[in-house]
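These notes concern the structure reproduced below.
The values are calculated or read from the model by the stated rules, or taken from the named source; none is laboratory data. Fair warning: this is a prediction, and the values are worked out from it, not measured in the lab. Because the Cβ atoms are built from the backbone with ideal geometry, glycine has one as well, and the counts that use them run over all protein chains shown. Areas reflect the complete protein model, heavy atoms only, side chains present, ligands, DNA and RNA absent. Shrake-Rupley method; radii C 1.70, N 1.55, O 1.52, S 1.80 Å.
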Amino acid sequence: MSPYAMSMLMSSLAMGTIITLSSSHWFLAWMGLEINTLAIIPLMTKMHHPRATESATKYFLTQATASALLLFSAAMNAWMTGEWTIVDMNSYIPTTILTIALAIKLGIAPFHPWLPDVLQGLDMMTCLILSTWQKLAPMALLILTSHQLNTSLLTLMALASAIIGGWGALNQTQMRKIMAYSSIAHLGWMTLVISFAPGLALLNLTIYLMMTSSMFVMLMALNATNMNKLSISWLKTPTLAASMMAGLLSLGGLPPLSGFLPKWLILQEMTKHHLGAISAVMALSALLSLFFYLRLSYMISMTSPPNISNANLAWRKKNNLSLINPILVVLSTMLMPITPMLLM
């Protein structure tokens, strides 16, 4: 793709998200989401492969449906209350339609099936954008309207997302699909706490963005798209493989890594609201996710492929990592010490 076209598309992506984040009017927010969707579709189809075209078509249809529902809920709310501002969603039907629209946009269960299929047909860089940057605008709208949304509906969707996100990845071998189910599970945790403590949802989103960015950057450096390719990464770049193992365990939420921090604070918040049963189900669903992260960690660190080389020295990949990778690895694994500051 031409660098001019690429810079145009990336600036449109940034502009769409910024318009949505800074808007107080539903029409402006919808316009930002539309710019975002239209800017990423050419990035999806730049591979010129039938799978990429299929992914772009699926993505366009789901996002167009979600945008139509969002505009419909905003128009219905304006008709019932005379208000177009984002924070004035007071009627039951518009807020329910809005919740469904944003769930489709984000890929929250039961509106998740498009996400693994779309990610599987794309290259790693576009997957990274789709799993991180594209979540910002819909999540901002969800946080802005969280005090008016139906808590029971959000809790049900959160439980479904956490369970499906853990269950769906158990039999996957493709890294992009595993990262898609990981995204669904993390969105479940954010959706659960968003009605009770939007600040915690924002913290969870920030840590999720760091962990996912770090994983995709490492997968791009290793050129690993499935578990078989991941198993030979230790021979090529041992440091990167060790970093990836720490990143995977952090995604699974093991202490003392960064991924444990939001899960711990969310479970604490839920028990404060006397929702012990829901907390127990979420904690058990985290074990499902942890199983496949541990399986990947085992593949990276404890399996070695049959070595048929007669050379005395193992072949090493040239280290072409950028500075961003170590920074992301540190942030996605070592944020636990700031917990006391957050609890203040």
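For this structure, a couple of remarks:
- In degrees, nearest ten, helix 3-22 long axis to first principal axis of the chain (Cα): 40 degrees
- Counting only alpha carbon atoms, the long axis of helix 151-168 and the longest principal axis of the chain meet at about 20°.
- Theoretical gain in end-to-end length, Leu156 to Leu294 [0.36 nm per residue, Cα-Cα removed]: 47.0 nm
- Summary value for the stretch 1-155: 25 percent relative contact order, contacts being C-alpha pairs under 8 angstrom separated by 6+ residues.
- Carbon + sulfur, % of accessible area of the stretch 149-215 - ligands and nucleic acids excluded, 1.4 Å: 66 percent
- Helix 92-106 and the longest principal axis of the C-alpha atoms of the chain enclose an angle of approximately 20°.
- In a reduced charge model with +1 at each Lys and Arg Cβ and -1 at each Asp and Glu Cβ, the chain shows a dipole moment near 1060 debye about its Cα centre.
- Positive-end extreme of charge dipole, the chain - chosen from Ala68, Met124, Met190 (charges on Cβ): Met124
- The chain, relative contact order in percent, only Cα pairs under 8 angstrom and at least six apart counted: 15 percent
- Label of the coordinate-derived value, Kirkwood radius over Cα pairs in Å, listed as [x] 20.8; [y] 22.4; [z] 24.3: [x]
- Based on protein heavy atoms only, the chain ends up with 44 Å² per residue of surface accessible to a 1.4 Å probe.
- Paramagnetic reach from Leu284 (point 7 Å along Cα→Cβ, amide N under 12 Å) across the stretch 141-181: 163
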